[in-house]
Amino acid sequence: MISKDLFRRPNLPLESVGREPGRDAQPEVKCPGCSRSLPQDELAGNLHVCPRCRHYHKMSARARIAMMLDEGSFEELDAAVVSRDPLRFPDYRRKLDEAALQSGEAEGVVTGLGRVDGLRCGFFVMEPGFMMGSMGAAVGEKITRLFERALRERLPVLGYTLSGGARVQEGILSLMQMAKVSGAVRAHSDAGLFYLAVLCDPTTGGVAASFAMQADIILAEPGALIGFAGPRVIEQTTRQTLPEGFQRAEFQLAHGFVGRLSPRESQRALVSLLLRMHAGGAA
Amino acid sequence: MFSKLLIANRGEIAVRVIRACKEMGVQTVAVYSQADREALHVSLADESICIGPAPAQLSYLHQDALLSAALATGCKAVHPGYGFLSENADFADACEQNGLRFIGPSGQTIRQMGNKDAAKRTVAAAGVPTIPGREDLEDVNEARKAAEQVGFPLLIKARSGGGGRGIRRVDRVEEFDHAFREAAQEAKACFGDPGLYIEKLLEHVKHVEVQVLCDQHGHILCFGERDCSMQRRRQKLVEESPCAQLTAAQRRTLMRYARQAVRAFKYEGVGTLEFLLDEGGNPYFMEMNTRLQVEHPVTEMVSGVDLVKWQIRVAAGVPLPFQQKDVEGRGHAIECRINAEDPQQDFRPSGGRIELLHAPGGPWVRFDTALYQGYELPLHYDSLIAKVIVHAPTREEAIRKMHAALCETVIEGVDHTASFQTELLNEPAFLDGSYTTDYLSAREGSL
């Protein structure tokens, strides 16, 4: 027997914490490390490292640029260089379109010039969203051109490698990139210029077997898979059970293939320090 | 935060949730049956929707009606309260499938807890003690050996049983074979499965439970324990926190077990782990309630944490800002559940018009109810009509405060239990905190 209008409505503003399901809900990511869901924003705010289990989530090329380079300093090069399906490999064109749509990038690597704490360098970063950074002719060409440009301008190169290896859809043309990029890296090196590579999860196949391992200093992100053939292939071929942590960054560090592990929180400071130490009179 | 929330419940808990929402700026949608048109939660909420006739099966348990109401009003979340659909895994799933956040754990977790045996095995594997026993016994010789290991007295129960059938109490090993064969025959006749299990019979136990609150980020808070041993036919009448008989070391052990169990279940939201405490103060895990409980205010009073608000915030993904030490509790809180039942007539439910209502008041006295003067109390639902909760620095002062508050509580028009509880507060076993779950039945037997 009380009227609907008996009580006044407090009309307090909605609490701003948390989120609600529906169209405007925050997209969530399931962490492969601890299989819990967490909001994408929170993950991005933590350098894409799971706050609970410290699993390193893959970072897009653009997120790396934002993390490593001085704001507004990045000047992209050769953005129009893309693969064109020279072998007419079945389904390849559709895959390229899909990859472009998914990643928002035109190819598996982004290259350009930028500054780390004011220090100018050539910069390349491979894109996991684009066919897991696989190396076709365009990827090889973009990185080659970057080293050539850095050589002309006498700049160090900072490179983020992340790749499943050669792009099978481009066959031998893809494998040839290993030699081509290696040549450019050699010329850059012979001129006394510094090349710093950060190996991300995964750095495998033709990329691991060429320019990833040719840097003057090789850093790796914790937990990254680094190797030529992947552990599954090796296990199936040799019919042997591989040791725990085989081909992980920690394993490669212990076996001398990697100079140092670089956690993301301190990565920028370390990279900046190394670039400065090798800048000669430039810094 | 959820802009709008549907409360799939009635009575004092619906009012409790609406109050939390109002403070948080969350719009509320109440649902009601035809018998509840005049209920307080209907007028307190921003919107209200009739979901069916009086029987709960056709209204408060009618999942499609609830989901339609939530979707039609643009709700983003559903709070199930306690009872009704609060531990219904299918309803939790249905909410999520319709884009509504169910304020509680996932359907999968609810299902996992609903299977009491599996839940026990999970916590046992996590190192938490459960009531000693042996499962899957068919051969009498093997069973007798198992029984001697478990110890007497014990209960023989049917694996596929329920409703008290096929249960035998055995006090001595000489009685075992006979009881086992009888129980197996009965189990086969009743359930078509002669499989039995045995469980140690714990007598004079306390029912102690631990409130937990877990966010989506793996942060677990174990609030202090509640002693809910003052029960009549498994219905709790008085609850208090902390448990007067627990030593500091026993409490630490209990909290450690609670934390291990929650971690084993990867739990999210508010929940309660129920333990039995034997005469030596050793805890045994019984089950976990995957919802808010009636007696949650006891914990709110000692911890200072609004559990309902945090339940909603955690469901919205907010990380808990508290540390374990912030919530361990100060002082002593007691709750009396006032039921519309006549203690003079074997607690027969009572309905009618509330002619006069006076709520107890004063500092640290809380009165949670959906009653108002002139309200016609329907007989269709649970008989809980109010909860009196008090908080004081010491147990002794809390008992005095509760006593005074109950005397000030006037609910005329229906029979209720407040005077009965006032008497209980004077009982020596309550005063020294030694009461166990069988206390009230023993007392009734002796009257």
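Where a number appears in this text, it was derived from the coordinates with a stated rule and is not lab data. From a predicted model like this one, the values you see are computed outputs, not experimental measurements. When we count neighbours, we look across all protein chains shown, and the Cβ atoms used for this are built from the backbone with ideal geometry, even at glycine.
Taking 0.36 nm per residue of separation and subtracting the current Cα-Cα distance, fully stretching the chain between A:D5 and A:A179 would add 54.6 nm. Couplings 3J(HN,Hα) of region B:294-299, computed from phi: 3, 8, 4, x, 4, 5 Hz, in residue order, whole Hz [Karplus 6.51 cos²θ - 1.76 cosθ + 1.60, θ = phi - 60°; x for Gly and Pro].
By the gyration tensor of its Cα atoms, with a ≥ b ≥ c the square roots of the eigenvalues, what is the shape of region B:133-200: rounded for a/c under 1.5, prolate for a/b over b/c, or oblate? Please list the in-between numbers first.
Working: a/c = 1.69, a/b = 1.60, b/c = 1.06.
Since a/c reaches 1.5 and a/b is larger than b/c, the shape of region B:133-200 is classed as prolate.
About its Cα centre, the dipole of region B:1-119 is roughly 220 debye, where the only charges are +1 on Lys and Arg Cβ and -1 on Asp and Glu Cβ.
If contacts are Cα pairs under 8 angstrom and at least 6 residues apart, what is the relative contact order of chain B in percent? Kindly include the intermediate steps, with their values, before the conclusion.
Details: 966 pairs, mean separation 63.4, N = 447.
Computed value for chain B: 14 percent relative contact order.
Order of B:254-264, A:157-167, A:241-251 by packing, highest average Cβ count within 10 Å first? Each step should come with its number before you reach the end.
Numbers: B:254-264: 19.9, A:157-167: 26.4, A:241-251: 15.0.
The peptides rank, most packed first, as A:157-167, B:254-264, A:241-251.
Karplus-derived 3J(HN,Hα) values for region A:49-62, using 6.51 cos²θ - 1.76 cosθ + 1.60 with θ = phi - 60°, are 10, 4, x, 8, 10, 6, 5, 7, 7, 5, 10, 5, 4, 5 Hz; glycine and proline are entered as x. Rounded to the nearest 20 debye, the dipole magnitude of region B:206-446 is 860 debye, with +1 charges on Lys and Arg beta carbons, -1 on Asp and Glu beta carbons, and the Cα centre as origin. Remark: spin-label model distance B:E408-B:D342 equals 3.0 nm, labels positioned 7 Å along the Cα→Cβ axis.
Whole-Hz Karplus values for region B:206-216 come out as 9, 9, 10, 10, 10, 7, 10, 9, 10, 8, 7 Hz, taken residue by residue from phi with 6.51 cos²θ - 1.76 cosθ + 1.60 and θ = phi - 60°; glycine and proline positions read x.
So, with +1 on the Cβ of K and R and -1 on the Cβ of D and E, and no other charges, what is the size of the charge dipole of chain B about its Cα centre, to the nearest 20 debye?
Computed charge dipole of chain B: roughly 1060 debye.
Model label sites at B:A244 and A:R62, defined 7 Å from Cα along the beta-carbon direction, differ in position by 6.6 nm. For the protein assembly as shown, take the alpha-carbon Rg, divide it by the Kirkwood Rh, and send me Rg/Rh. With Rh from the inverse mean 1/r over Cα pairs, Rg/Rh is 1.10.
Placing unit charges on the Cβ atoms of the charged side chains and taking the dipole of the protein assembly as shown about its Cα centre, the candidate lying farthest along the positive direction among B:G271, B:V318, B:A418 is B:V318. Distances between placed amide hydrogens fall under 5 Å for B:L6 paired with B:V29, B:K76, B:A77, B:V78, B:H79, all partners being 5 or more residues away or on another chain.
Past 28 Å, Cα to Cα, is the threshold; run B:K157/B:K206; B:K120/B:K309; B:K116/B:K401; A:K30/B:K4; B:K4/B:K236; B:K116/B:K206 against it and keep the listed order. Let's see the in-between values first.
Values: B:K157/B:K206 22 Å; B:K120/B:K309 30 Å; B:K116/B:K401 38 Å; A:K30/B:K4 26 Å; B:K4/B:K236 33 Å; B:K116/B:K206 20 Å.
With Cα atoms farther than 28 Å apart: B:K120/B:K309; B:K116/B:K401; B:K4/B:K236.
Among A:L175, A:T241, A:I217, which residue has its Cα positioned farthest towards the positive end of the charge dipole of chain A, with +1 placed on the Cβ of Lys and Arg, -1 on the Cβ of Asp and Glu, and the dipole taken about the Cα centre? My answer, from the dipole projection, is A:T241.
For a test of the definition: using alpha carbon positions, the gyration tensor, and the 1.5 limit on a/c, classify chain A as rounded, prolate or oblate. Could the numbers behind the result be given before it?
On the way: a/c = 1.81, a/b = 1.62, b/c = 1.12.
Prolate, since a/c reaches 1.5 and a/b exceeds b/c.
Computed extension length for A:N46-A:Q236: 64.7 nm, one decimal, from 0.36 nm per residue of separation with the Cα-Cα distance subtracted.
Can you tell me the relative contact order of region A:107-199? Whole percent, Cα pairs under 8 Å, sequence separation 6 or more.
About 31 percent, as a whole number.
Placing unit charges on the Cβ atoms of the charged side chains and taking the dipole of the protein assembly as shown about its Cα centre, the candidate lying farthest along the positive direction among B:G304, A:G129, B:V294 is A:G129. If you take the square roots of the eigenvalues of the alpha-carbon gyration tensor of region A:34-105 and sort them as a ≥ b ≥ c, do you get rounded (a/c under 1.5), prolate (a/b over b/c) or oblate? Cα axes put region A:34-105 in the oblate bin.
Helical runs assigned H by DSSP (4 residues or longer) give chain A a calculated mean residue ellipticity at 222 nm of -10000 deg cm²/dmol, each run adding -39500 (n - 2.57) before division by the residue total.
Ignore the peptide's own chain and count Cβ atoms of other chains within 10 Å of each Cβ in A:7-17; give me the average, rounded. Mind dumping the intermediate values first?
Numbers: counts 5, 0, 4, 3, 3, 6, 3, 8, 11, 2, 8.
Counting Cβ atoms of other protein chains within 10 Å of each residue's Cβ and averaging gives 5.
Starting from the Kirkwood Rh over alpha-carbon pairs, what translational D in µm² s⁻¹ does region B:206-446 have by Stokes-Einstein at 10 °C and 1.306 mPa s?
Translational D for this selection: 86 µm²/s.
Amide H to amide H distances under 5 Å link A:F194 with A:V157, where only residues 5 or more positions off or on other chains count and H is placed in the peptide plane.
Only helical runs count toward this figure. For chain B, summing -39,500 (n - 2.57) over DSSP H runs of n ≥ 4 and dividing by all residues gives -10000 deg cm²/dmol at 222 nm. Restricting region B:65-140 to GluC sites (Glu not before Pro) that sit in a DSSP loop and have at most 14 other Cβ atoms within 10 Å of their own Cβ leaves B:E138.
If the chain linking B:K145 and B:A126 were pulled fully straight, counting 0.36 nm for each residue of separation and taking away their Cα-Cα distance, it would gain 4.2 nm.
With only alpha-carbon atoms in the gyration tensor, what are the semi-axes of the equivalent ellipsoid for chain B, in Å, largest first? Write down the numbers at each step before the final one.
Working: eigenvalues 253, 142, 111 Å².
Its equivalent ellipsoid spans semi-axes of 36, 27, 24 Å.
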